[in-house]
Amino acid sequence: MNNAIGKVFLFLLLVLGTFLLIGNTVTNLTGGEKKASGKVEISPEGGESIFWGKGRCFTCHSLGDEGSAVRCPNLGQFGEKFLMPIGERASERAIERSEKTGKHYTATDYLIESLAKPDAYIVDGYKNEMAIVYAPPISLNLDEIKAVISYLQSQGGDMDMDAINNPGEIGQKYYARIEAATAAGGGDPGNGEEMYIDNCIDCHILKGEGDEVGPDLSNISQKGLKFISESILFPAKKITEGYETYIAIEKDGRKHVGVKTSETATEVELIKATGEAITLLKGELKEITLDKGASLMPVDLTEALTVKDYQDILAYLMMQKQAADGER
Ligand code: HEC
Ligand code: HEC
């Protein structure tokens, strides 16, 4: 037990260490003030400075003859492979994406998607190796991403600042993804989803999938980052109402631990950490007691996760918002 707690603290230290390394997120986590400096203008000029600077795009992409990177798609007009610069190319890609998905993509939607979820469309001849630019170490925020998009669009495309600032449904969804990741201190929700499926889905329902040992997480972003991160690091710190742990001891000595899912005059139903539901006859119970301060959620979950995985799960959970609550 002590050992498990020690490990959680070690993990926590690593988490804090990472926050310090990536800078301003500590103030985010503690709800501190926003940094005024370094705010980028949402314009092609602002985007240009991100592209060749903080965004690190230049380490993988060249733009026509500018830059020296060769291993990723050239974003300018270049050779036989790239007959159009990215602003113009985006319109072609949008047609491809519309045909593939059955949804209507604009050129702006394509550019947003290429940054928000690079694996949605892989440029022919390349691998899924594009960085998640809103996750550490690059950690662009939404304004910086909008600026980069306007820069890309200015490369031979029809500049549409209105569409960049207020895109349609496809773009809005991706913006929400980026905002959630930023709110969580940066993270890759795509990897977060995989980690969530590996470690959490046996006990939680999300979008109708999973098992209901613990609370439904479909709307969990409403509870805020601090609450979510504490729920994972210290499950027992605050037990969610209705999910208290009970210990039932039968007259023959058998012991059962679980969350109470129903109770009648004669029966109690518990769901165990394994997801197994059991019905106990009250007449056969010696006692049933509330185990105050204990959660059925394991305290050592973080042992299976790297700090990055944990951060990615946070980013993924910060995205979970039900449409009824006004998905923009
Ligand atoms: C680690 C390398 C890497 C970094 C950093 C990187 N990219 Fe990429 N990018 C790729 C690779 C690889 C592809 C091709 C695979 C794909 O389509 O996902 C790609 C694809 C793209 C595409 C789609 C191109 C097309 O022809 O449709 C765009 C747009 C793009 N990147 C923009 C950016 C921007 C803007 C940045 C900086 C904010 C950036 N990338 C940072 C590797 C990178
Ligand atoms: C063995 C079952 C189990 C596993 C595995 C599990 N949880 Fe839980 N979780 C629970 C239970 C039971 C509760 C309610 C009791 C409590 O508050 O601790 C809970 C509560 C939570 C809450 C608070 C929800 C709310 O609305 O108050 C969050 C957030 C959460 N879990 C996230 C996770 C994440 C993320 C993972 C995977 C890394 C995970 N859980 C894995 C059982 C589990």
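Here are a few things to note about the model shown:
- Mean separation of Cα contacts under 8 Å, 6 or more apart, over the residue count of the range 245-290: relative contact order %: 40
- Measuring nothing but how far apart in sequence close Cα pairs (under 8 Å, 6+ apart) lie, relative to its length, the range 207-263 scores a relative contact order of 24 percent.
- Nearest-0.05 FRET efficiency for Ile201 and Glu41, computed from C-beta distance (R0 56 Å): 0.85
- Listed residues Ala116, Ala236, Ala304, most fluctuating in the chain (Gaussian network, C-alpha, under 10 Å): Ala304
- Relative contact order (percent, whole number), the chain, Cα cutoff 8 Å, 6+ residue spacing: 18
- Pairs spanning more than 28 Å between alpha-carbon atoms, out of Lys39/Lys237; Lys7/Lys207; Lys7/Lys272; Lys81/Lys117; Lys100/Lys308; Lys146/Lys237: Lys39/Lys237; Lys7/Lys207; Lys100/Lys308; Lys146/Lys237.
- Order of Leu115, Leu10, Leu140, Leu301 under a 10 Å beta carbon neighbour criterion, fewest first: Leu10, Leu301, Leu115, Leu140
- Cα-centre dipole for the chain with unit charges at Cβ (Lys and Arg positive, Asp and Glu negative), debye to 20: 800
- Less than 5 angstrom separates the built amide H of Phe78 from those of Leu83, Met84, all sequence-distant by 5 or more or on a different chain.
- Look at the dipole of the chain built from charges on Cβ: of Gly47, Gln153, Ser114, the Cα furthest out on the positive end belongs to Gly47.
- Global geometry of the range 38-112, whether rounded, prolate or oblate, following the gyration tensor of its Cα atoms and the 1.5 cut on a/c: oblate
- The magnitude of the dipole of the range 44-183, with charges of +1 and -1 set on the Cβ of Lys/Arg and Asp/Glu and taken from the Cα centre, is near 500 debye.
- Each 5 Å bin from zero up to the one holding the largest Cα-Cα distance in the range 245-290 carries the following percent of pairs: 6, 25, 37, 25, 6, 0.
- The residues Val213, Val15, when put in order of fewest to most other Cβ atoms within 10 Å, stand as Val15, Val213.
- Report summary: the helix-based calculation at 222 nm, which adds -39500 (n - 2.57) for every DSSP H run with n ≥ 4 and divides by the residues of the chain, gives -11500 deg cm²/dmol.
- Restricting the range 48-94 to trypsin sites (Lys or Arg not before Pro) in coil, as DSSP defines it, with at most 13 other Cβ within 10 Å: Arg71, Lys81
- Likely footprinting exposure, Thr108, Thr264, Thr101, fewest C-beta neighbours within 10 Å first: Thr264, Thr101, Thr108
- By the Cβ-Cβ criterion of under 4.7 Å, the unpaired cysteines of the chain are Cys57, Cys200, Cys203.
- Rg/Rg_ref, the range 89-128, where Rg_ref = 2.2 N^0.38 Å and atoms are Cα: 1.05
- Gyration tensor over the Cα atoms of the range 44-183: the corresponding equivalent ellipsoid has semi-axes (square roots of 5 times the eigenvalues, largest first) of 20, 18, 15 Å.
- Candidates per trypsin sites (Lys or Arg not before Pro) in the range 168-265, loop by DSSP, up to 13 other Cβ within 10 Å: Lys207, Lys238, Lys251, Arg254
Every number here is computed from the coordinates shown, using simple stated rules; none is lab data. Quantities reported herein were computed from a predicted structural model and do not represent experimental measurements. So basically every Cβ, Gly included, is an ideal-geometry build from the backbone, and we count neighbours across all protein chains shown.
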